[in-house]
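Below you'll find the structure, written out as structure tokens, and then a few comments.
Bear in mind these aren't lab numbers, they're just calculated from the coordinates by the rules spelled out. Only a predicted model underlies this, so the values are computations on that prediction, with no experimental measurement involved. All Cβ positions, even for glycine, are placed from backbone atoms using ideal geometry, and neighbour counts span all protein chains on display.
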């Protein structure tokens, strides 16, 4: 197996696009060698626990480019067959990353990330809400009651923050960032064709 470490945040639109493209490549190469691990990397470190109005947040962050950026994402998603219905609030994703951490212990990370992305980008859901996160966990095969109890505590909060800080120390500055075999960095949302080429090259090596 070849490690594929992915640094991502479910509120990042390019993480959504990047995962869709990667998934297409993996589906076309069912014998791919990748062992995938998702790592925490929050885009919005200064968001309060209750989050913020999404439009106001984007306008404050991107200024005049906010509308253009939103339209570009909508076009990219539509080209992949996805209609967006994003959440009205920009959530603090620390608890979402705690859930992803626990999912990693159960081999359910990719299913949980798919659920987080779907909830935030297609279902206008609040992925800071513990009930929403517990339902996503259950749909991915995790224990819903155990997840709810963990979310109600501070379990692994420091571990997730430590992992995120380590990513920044390694030089990760944006998401999505992919690292193949702990050595080759692939930044940004890449087309499925690139991942197909990478898989084919690994297979031929």
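Can you give the FRET efficiency for residue 62 and residue 162, using 1/(1 + (r/R0)^6), R0 = 30 Å, r = Cβ-Cβ distance, to the nearest 0.05? Can you show the working numbers first?
Values: r = 30 Å, r/R0 = 0.99.
Efficiency, from the Cβ-Cβ distance: 0.50.
Among (i) 16.7, 49; (ii) 17.4, 58; (iii) 16.4, 46, only one was calculated for this model; which label is it, if the read-out is Rg and Dmax of the Cα atoms in Å?
For Rg and Dmax of the Cα atoms in Å, the calculated option is (i).
Would you mind computing the Rg to Rh ratio of segment 14-100 from its alpha-carbon coordinates, Kirkwood style for Rh?
So for segment 14-100, dividing Rg by the Kirkwood Rh gives 1.02.
Which values, in whole Å and largest first, are the semi-axes of the equivalent ellipsoid of segment 28-72 obtained as the square root of 5 times each eigenvalue of the Cα gyration tensor?
Those come to 32, 18, 8 Å.
Which FRET efficiency, nearest 0.05, do residue 24 and residue 69 yield, Cβ-Cβ r, R0 30 Å?
Values: r = 23 Å, r/R0 = 0.78.
It comes out at approximately 0.80.
Counting pairs of alpha carbon atoms under 8 Å apart in space and at least six apart in sequence, what relative contact order in percent does the chain give?
In percent, rounded to a whole number, it is 34.
Return the single residue from 109, 72, 144 with maximal mean-square fluctuation; model: Gaussian network over the chain, springs between Cα atoms under 10 Å.
Highest fluctuation of the listed residues: 72.
I'd like the projected area of segment 59-171, averaged over all directions, using the convex hull of its alpha carbons. Report it in nm² with one decimal.
8.4 nm²
So what's Rg/Rh here for segment 59-104, counting alpha carbon atoms and using the Kirkwood radius for Rh?
Value, to two decimals: 1.10.
Give the average over all directions of the projected area of the C-alpha convex hull of segment 113-205, one decimal, in nm².
8.1 nm²
Any chance you could list the semi-axes, whole Å, largest first, of the equivalent ellipsoid that the Cα gyration tensor gives for segment 153-204, using √(5λ)?
29, 12, 11
In a GNM of the chain with a 10 Å cut-off on Cα contacts, which of 124, 64, 140 has the highest mean-square fluctuation?
Most flexible of the set in this elastic network: 64.
For residue 144 and residue 82, what does the FRET efficiency come to when R0 = 25 Å and r is the distance between their Cβ atoms, rounded to the nearest 0.05?
0.40
Could you state the number of Å between the C-alpha centres of segment 167-205 and segment 83-131?
Their Cα centres are 22 Å away from one another.
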